[in-house]
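The values are calculated or read from the model by the stated rules, or taken from the named source; none is laboratory data. From a predicted model like this one, the values you see are computed outputs, not experimental measurements. Cβ: placed from backbone, ideal geometry, glycine included. Neighbour counts: every protein chain shown.
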Amino acid sequence: MEKYFQADGTDIFILFSLTHLLTLFTLFLIIAMIYFFRKSFRNDRLNLITRNGFAAILVFSEISLHIWLWRIGEWTIQYSLPFHLSSISTLLSAVLLLTKSYQLFEFTYFAGVGSALQAMITPDLSAYTFPHFRYVHFFISHGGIAVANLFFVFVEKYRPTIKSVWKAFLYLNLYTFFVFLLNYFLKGNYMYISEKPVNPSLLDYLGPWPYYIIPLECITLITFLFLYLPFWINDYVLYKSKT
């Protein structure tokens with residue numbers, strides 16, 4: 001059991017391996033169950049228990065990561081504070097579950113789900129695969145972001161607008177500027193905006209620093225618009241049905 005919590009992984013992660021695909025399929029099943037049982041989840045008691053349960057899982061996943069990093073001697077103020085987009089999205093999604101804030105949903109749906117989906121499709125896991133702690137934590141935290149926000153779409157009937165896209169994009173850029181200043185003072189690299197990650201990533205195809213930030217902005221906006229597309233299509237279909 002101890003080997004699954006070591007700093008060095010026991011097996012190399014293989015992109016789109018059976019393990020990876022089964023993990024993604026499991027997440028898809030959870031989201032599908034929320035959709036098919038969405039009316040049941042609107043029961044006040046079940047709704048409260050589910051939201052609190054999901055929030056507790058997200059918070060615990062973030063705390064457990066810090067405990068693990070401290071235990072293996074890799075926790076540092078330059079790289080381990082919860083300022084990466086995945087970490088802040090995890091915590092904000094937990095707050096969303098507890099408060100049901102629509103304004104918060106406008107940000108976490110686009111910034112959180114967008115980054116989580118990209119991360120799960122091409123995980124930066126290197127030598128960690130199932131059942132290592134790092135692998136399990138990675139997919140619980142990122143998958144939890146998607147589950148939490150889609151819970152509000154399917155169960156609570158929250159709907160982002162095109163204005164929400166631009167608000168989320170603005171807030172993300174303001175947050176990125178804050179993180180850039182934080183990196184400068186701490187000599188860190190949160191959100192990988194001060195330099196590229198050591199492991200191979202999408203950023204390797206976007207040019208050297210700081211020029212890769214420009215196409216990264218474009219990819220972010222395209223991702224936000226893609227996440228808004230189902231709602232635009234639904235509104236368009238309803239509009240056509242009434243005319």
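Just a few scattered comments:
- Tabulated pairs, the stretch 214-241, first under 14 Å from LYS163 (Cβ atoms), second β-branched (Val, Ile, Thr) and surrounded by 14 or more Cβ atoms within 10 Å (Cβ to Cβ), C-beta under 6 angstrom, 6+ apart or interchain: PHE224/VAL165; TYR228/VAL165
- Selection within the stretch 1-49 - under 23 Å from THR99 (Cβ atoms), part of a helix (DSSP H, G or I), polar (S, T, N, Q) and out of contact with any Phe, Trp or Tyr (no Cβ under 8 Å at 6 or more places or on another chain): SER40
- Some residue of the stretch 167-174 being assigned to a loop (DSSP other than H, G, I, E, B) and either under 17 Å from the mean Cα position of the chain (by Cα) or at pLDDT 95 or above (or both): no
- Qualifying positions in the stretch 88-118 - under 12 Å from the mean Cα position of the chain (by Cα), free of Cβ contacts under 8 Å to residues at least 40 places away in the same chain and farther than 15 Å from LEU150 by Cα: LEU91
- Filter result for VAL113 (part of a helix (DSSP H, G or I) and more than 14 Å from SER86 (Cα to Cα)): no
- Number of residues in the stretch 158-188 that are polar (S, T, N, Q) and closer than 19 Å to ALA116 by Cα: the value is 3.
- Residues (touching a residue at least 40 places away in the same chain (Cβ under 8 Å) and not in a helix (DSSP H, G or I)) located in the stretch 143-160: VAL155, GLU156, TYR158, ARG159, PRO160
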